[in-house]
Amino acid sequence: MTAVMLSRVIGYIREAYIAWAFGAGRLTDAYVAGFTIPDFLNYIVAGGAASITFISIYTRFVAEKREDEAQKTFSIIITVMTTVLVFGVILAEIYTPQLLRLLVPKFDAEQMALCVHLTRILLPAQIFFYVGGVVSAVLLSRRLFLFPAFGPLLYNVFIILGGVVLGKQFGISSLAYGALAGAFVGPFLVNAIGAARIGTGFRLSWDVRNPAFLEWARLSIPLMLGVSLVTADDWILRHFASGGLGDITRLNYAKRLFAVPIAILGQATGQASLPFFAKLFGEKRMDEFAETVNASVYRLTAASFLATAWMMAAALPVIDLVYRRGRFSLGDSHITSTYFFWFALSLACWCAQGLYARAFYAAGDTLTPMIACTVITLASLPIYSILFAKFSFVGLAAASDIGILANTLALALLLHARGLVRWDGLPWGELAKTLIIAVIAAGLSYEAAQTIPASNTRWSDFLSLALTTVTWAAAVATGLWLTRSNLLKNLRKA
């Protein structure tokens, strides 16, 4: 969590630099959209390989002292799938213009040309992300979390360096060149160094008949074929927002800041939980497995409720302090804070769904969540369309909340139906207490912030944020004490 926190701080500096240097407009819209095809390619080709299905197989081999088979499987997966990914990158480079016309159809000719250029720079980075992801899975399987956690940090640093060093010569393309270099140094090189230090070896192998590789393919193909709203949400937002001036960028800024608590609470916990879930399930300790998943979901959800209360009340001063500088105006802050306000509503769902999905993966079932998540993604498309038509870009944020709520509920109910993690195992009374406290804290904090005269200065932002935070903390502390909540005690448990 500490490493992820540092990475998100650097990620903030990256976004703040981009906002300062380029603002929110045509150039930044093209830059954000330039990641769509690379992200999609990585998702389709590498969907289940990196830190999900491979961890379960590798962890089992290590536990059974079958180190040679673990190393062999590692080599085969990297060799075969990197070869597939290279061909995928080549095809995507060739057909970039045609694909982008489908994904961001409302871009004009100039924006489209820039987006094509940026996409072609970013596409090769997916090879480094993929190989680095598989290598990081080796480290995670051995419960070595530090190297994988620092990969994203260095990736963000290189994007900033790209802009600072090459900005005058290449303009916004400098960010894409920085991202390409960062993908090599961060996700790939750092994890490779970590793997080498623990003696992980690699040799080229195309032994596709290897039983472990076939098992990995059986588990991974459903993840590659399915499309989860967790990933597709960004693509859908960009598709609908491509006709606005700077709206892709403002939605992206709001979503990236929203991703900070998701990463700290959900992503870090999810990565660390999978090896433990897999171990308990592999040892057939089913009661402990269910209790561990439910306890993790409860703690994350309750903490997310409280965090959401603060985020919604503090949306405007936070966004204004984080982004308003250079070409990013006060008007941009007001619009972006509205998006952030609505995204914040679904924090608990974004965090909980990651744990529920990993409970399925630990049980060796990737098909069930794939089908459920794909159906929900497809069913969500009309919701995005309807709410966008009725409420414009705020409707897109609300549709995102509805979609991820449906995604989370579906995974929880399916785990319950299969008898893996029972729905009634959650401490609903404790969750209700926390939700009530969060609602009251949000209302009091928001009202307290309104007592600060709006002067549109940094000082007023700081005062508003400080008053919001103090009021929120006092309301939460009082609420937890009055309701005799067990949350703090449970958060302290190992």
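Structure values in brief
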quantity: S380 vs. criteria farther than 30 Å from K279 by Cβ, crowded, with 24+ Cβ neighbours inside 10 Å and either touching a Gly at 6+ places or on another chain (Cβ under 9 Å) or in the same structural domain as M312 (by TED's automatic domain parsing) (or both); calculated: no
quantity: Some residue of segment 55-68 being of a type in the set (G, A, S) and in contact (Cβ under 8 Å) with a residue 24 or more places away in the chain; calculated: yes
quantity: Count of residues meeting criterion [over 15 Å from I371 (Cβ atoms), surrounded by fewer than 20 Cβ atoms within 10 Å (Cβ to Cβ) and touching a helix residue (DSSP H, G or I) at 6+ places or on another chain (Cβ under 8 Å)] in segment 213-229; calculated: 1
quantity: Neighbours by Cβ (under 6 Å, 6+ apart or cross-chain): first from segment 232-245, farther than 18 Å from A398 by Cβ; second modelled with pLDDT of 85 or more and surrounded by 22 or more Cβ atoms within 10 Å (Cβ to Cβ); calculated: S242/V104; S242/F107
quantity: Flag if A241 is surrounded by 20 or more Cβ atoms within 10 Å (Cβ to Cβ), over 15 Å from I78 (Cα atoms) and either touching a helix residue (DSSP H, G or I) at 6+ places or on another chain (Cβ under 9 Å) or β-branched (V, I, T) (or both); calculated: yes
quantity: A372 being surrounded by fewer than 24 Cβ atoms within 10 Å (Cβ to Cβ) and under 30 Å from E283 (Cα atoms); calculated: yes
quantity: Matching entry among Q111, Q126, Q169 (being at pLDDT 90 or above and under 27 Å from F202 (Cβ atoms)); calculated: Q126
quantity: L265 buried (at least 23 other Cβ atoms within 10 Å of the Cβ) and modelled with pLDDT under 90; calculated: yes
quantity: Residue in segment 121-134 that is in a helix (DSSP H, G or I), over 24 Å from L175 (Cβ atoms) and not basic (K, R) present; calculated: yes
quantity: Residue within segment 208-221 that is under 20 Å from the mean Cα position of the chain (by Cα) and more than 30 Å from F328 (Cα to Cα) present; calculated: yes
quantity: Breaking point among (1) touching a Phe, Trp or Tyr at 6+ places or on another chain (Cβ under 6 Å); (2) closer than 19 Å to A232 by Cβ; (3) among the charged types (D, E, K, R), for D39; calculated: (1)
quantity: Selection within segment 158-209 - among the β-branched types (V, I, T) and either part of a helix (DSSP H, G or I) or not assigned by TED's automatic domain parsing to the domain that holds F147 (or both); calculated: I159, I160, V164, V165, V185, V190, I193
quantity: One residue from L100, L139 being at pLDDT 90 or above, in a helix (DSSP H, G or I) and not aromatic (F, W, Y); calculated: L100
quantity: When residues of segment 431-475 are limited to those that are among the aromatic types (F, W, Y) and surrounded by fewer than 22 Cβ atoms within 10 Å (Cβ to Cβ), the one farthest from R299 (Cα to Cα); calculated: W459
quantity: Segments classed as helices (runs of 4 or more DSSP H), wholly inside segment 1-46, with at least 1 members that are within 21 Å of R101 (Cβ to Cβ); calculated: 26-33, 36-46
quantity: Near pairs, Cβ below 9 angstrom, 6+ apart or cross-chain, from segment 345-363 (touching a residue at least 40 places away in the same chain (Cβ under 8 Å)) to any residue that is part of a helix (DSSP H, G or I) and among the charged types (D, E, K, R); calculated: L345/D401; S346/D401; C349/D401; A362/K279
quantity: Filter pass, Q111 being touching a residue at least 40 places away in the same chain (Cβ under 8 Å), within 28 Å of I94 (Cα to Cα) and surrounded by fewer than 22 Cβ atoms within 10 Å (Cβ to Cβ); calculated: yes
quantity: R143 in the same structural domain as S7 (by TED's automatic domain parsing) and under 21 Å from W235 (Cα atoms); calculated: no
quantity: Residue within segment 287-309 that is in a helix (DSSP H, G or I) and in contact with a Cys (Cβ under 6 Å, 6 or more places away or on another chain) present; calculated: yes
quantity: Cβ pairs under 6 Å, 6+ apart, first in segment 248-262 and within 9 Å of F340 (Cα to Cα), second modelled with pLDDT of 85 or more and aliphatic (A, V, I, L, M); calculated: L251/L237; L251/A241
quantity: Every residue from segment 312-348 that is in a helix (DSSP H, G or I), under 18 Å from the mean Cα position of the chain (by Cα) and buried (at least 24 other Cβ atoms within 10 Å of the Cβ); calculated: Y339, F340, F343, A344, L347, A348
quantity: Residue within segment 82-101 that is over 14 Å from F213 (Cβ atoms) and of a type in the set (D, E) present; calculated: yes
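The values are calculated or read from the model by the stated rules, or taken from the named source; none is laboratory data. Quick caveat: nothing in here was measured; it's all calculated off a predicted structure. As a convention, Cβ positions derive from the backbone with ideal geometry for all residues, glycine included, and neighbour counts pool all protein chains shown.
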